[in-house]
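The values are calculated or read from the model by the stated rules, or taken from the named source; none is laboratory data. Here the structure is a predicted model, which means the values were calculated and not measured. Neighbour counts run over all protein chains shown; Cβ positions are idealised from the backbone, glycine included. Each accessible area value is taken on the protein alone, full model and side chains, heavy atoms only, with ligands, DNA and RNA left out. Shrake-Rupley method; radii C 1.70, N 1.55, O 1.52, S 1.80 Å.
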Amino acid sequence: MALIGEFARTPRFQGGGSSHINPTKVDSALDEFVAQLGDRVRFAPGFTFDGADAALFEEAVALAGQQDVAVLFVGLPAAEESEGFDREHLNLPAAQLDLVDAVLAVNPNTVVVLSNGAVVTLPFAESVPAIVEAWLLGQAGGSATVDVLTGAVNPSGRLTETIPLRLEDTPAFGNFPGALGHVRYGEGIYVGYRWYDQRELDVAYPFGHGLSYTEFSYEPVTAETDETGQVIVTVRVTNVGDRTGREVVQAYVGLDESIVDRAPRELKAFVSVEIPAGMTCEIPLMIHRDDLAYWDVRADRFAVEGGTYRIDVGSSSRNIAQSTTVEVTGDELRLPLTMESSLGEVMAHPVAGPIVAEQLAAMQSDSSDDAAGGFLDDPMVTQLLGSFPIGRLTSFPGVGIEADQVRALIAVANQGLDA
């Protein structure tokens with residue numbers, strides 16, 4: 001086995017503040033490999049971050065070509081990732097990418113181990129048989145990496161962010177770093193995986209993704225509300241592999257016909273469960289009713305919208321194994337009517353709605369002009385008037401409604417609202 005990479009020999013401690021560490025003991029992945037595998041492992045530094053040492057490059061490639069498996073340790077240097085400044089791209093150093101290509105050319109059984117504090121693009125993702133995202137590990141990171149690579153443990157980690165295909169696909173692109181000291185958060189509610197799902201963008205690896213040395217299958221999922229309004233989701237998951245493993249079961253929620261802007265799906269519950277090989281577990285997940293709420297700008301508070309919610313269960317935001325629906329009763333919102341309330345809002349009001357409907361019906365029956373009588377039956381007109389402020393109907397030709405009549409209607413509708 002060939003170990004290649006500066007990270008394998010020399011630990012890198014990046015940044016300051018929370019990411020700056022001063023270990024009393026360095027537990028490197030290379031030392032662990034050498035201790036466990038002895039003469040079966042060979043090491044070459046392989047690269048410098050600027051790629052200036054051709055001899056190291058050639059040594060690494062030659063060594064990789066002589067081994068059954070090559071393990072490449074790559075990552076971001078402190079000059080490209082730290083606290084106090086922002087990254088300008090998502091690329092790994094060019095010298096490392098060149099080495100990955102060269103090693104793959106002589107040894108297709110190459111595993112890439114990443115050391116980075118934030119996502120990087122992975123142009124070699126389809127060419128290597130395995131990638132281990134190690135992030136920035138602590139002083140026991142070496143032994144943890146060895147345990148994963150040798151199969152001593154069955155990994156069960158999941159991505160807490162999406163790994164995009166390119167910088168231009170990310171939510172902040174085009175808005176960051178802004179201008180004149182101001183940043184525009186143009187993604188709005190579409191943060192993280194919500195952005196990629198809303199725009200149906202392809203990604204390298206989705207939010208929630210993670211692999212292990214076993215596989216799991218999902219049976220059909222059920223969902224129902226309990227007496228307190230919480231949504232109880234139940235799914236049976238089977239470990240179909242030959243060793244014990246942990247699955248992170250994730251429940252996403254979507255409401256297709258919503259009165260407000262929503263992401264296609266949002267994570268609302270998840271659980272990590274260990275399942276022995278060949279065994280099946282029935283897994284309950286609770287989605288709290290309050291977690292379904294949106295901020296209603298009209299009522300100035302959170303509110304739950306009633307409707308048919310879609311429940312998607314799977315192992316990532318893009319790997320949905322089973323889906324079902326559940327009916328949720330919404331909160332009753334009594335919103336005050338104003339002169340700026342739309343005709344549609346007035347028509348939906350329990351008090352004002354019947355009064356306006358009666359008046360509109362009377363207008364149609366009293367009309368002597370067939371064209372005018374059919375005016376309000378035109379679907380296009382109905383759609384137009386539905387979003388038209390009721391206070392401005394007083395100036396709409398042919399309606400014949402006075403401003404005082406609208407104010408009186410609003411007063412009647414709002415009676416007792418604050419009681």
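Details
- Heavy-atom accessible area per residue - region 79-161, 1.4 Å, Å²: 46 Å²
- In terms of its C-alpha gyration tensor, region 164-322 comes out oblate, because a/c is 1.5 or above while a/b does not outweigh b/c.
- Distance (nanometres) between label positions extended 7 Å along Cα→Cβ at V111 and A403: 7.8 nm
- Once the Cβ-Cβ distance of F85 and D331 is raised to the sixth power relative to R0 = 45 Å, the FRET efficiency obtained is 0.50.
- For the pair V191 and A277, label points projected 7 Å from Cα toward Cβ lie 4.2 nm apart.
- Computing FRET efficiency as 1/(1 + (r/R0)^6) for T150 and A172, where r is the C-beta to C-beta distance and R0 is 56 Å, gives about 0.90.
- Charge dipole (debye, nearest 20) of region 108-174; +1 at Cβ of Lys and Arg, -1 at Cβ of Asp and Glu: 100 debye
- For L149, the accessible area of its heavy atoms, probed at 1.4 Å with every protein chain present, is near 50 square angstrom.
- Between V260 and A130, the simple spin-label model (points 7 angstrom out along Cα→Cβ) gives 4.6 nm.
- Dipole axis of region 68-183 (+1 Lys, Arg; -1 Asp, Glu on Cβ), positive-most option in G142, I163, Q96: G142
- Per residue, region 242-292 exposes 52 Å² of solvent-accessible protein surface, assessed with a 1.4 angstrom probe and all protein chains in place.
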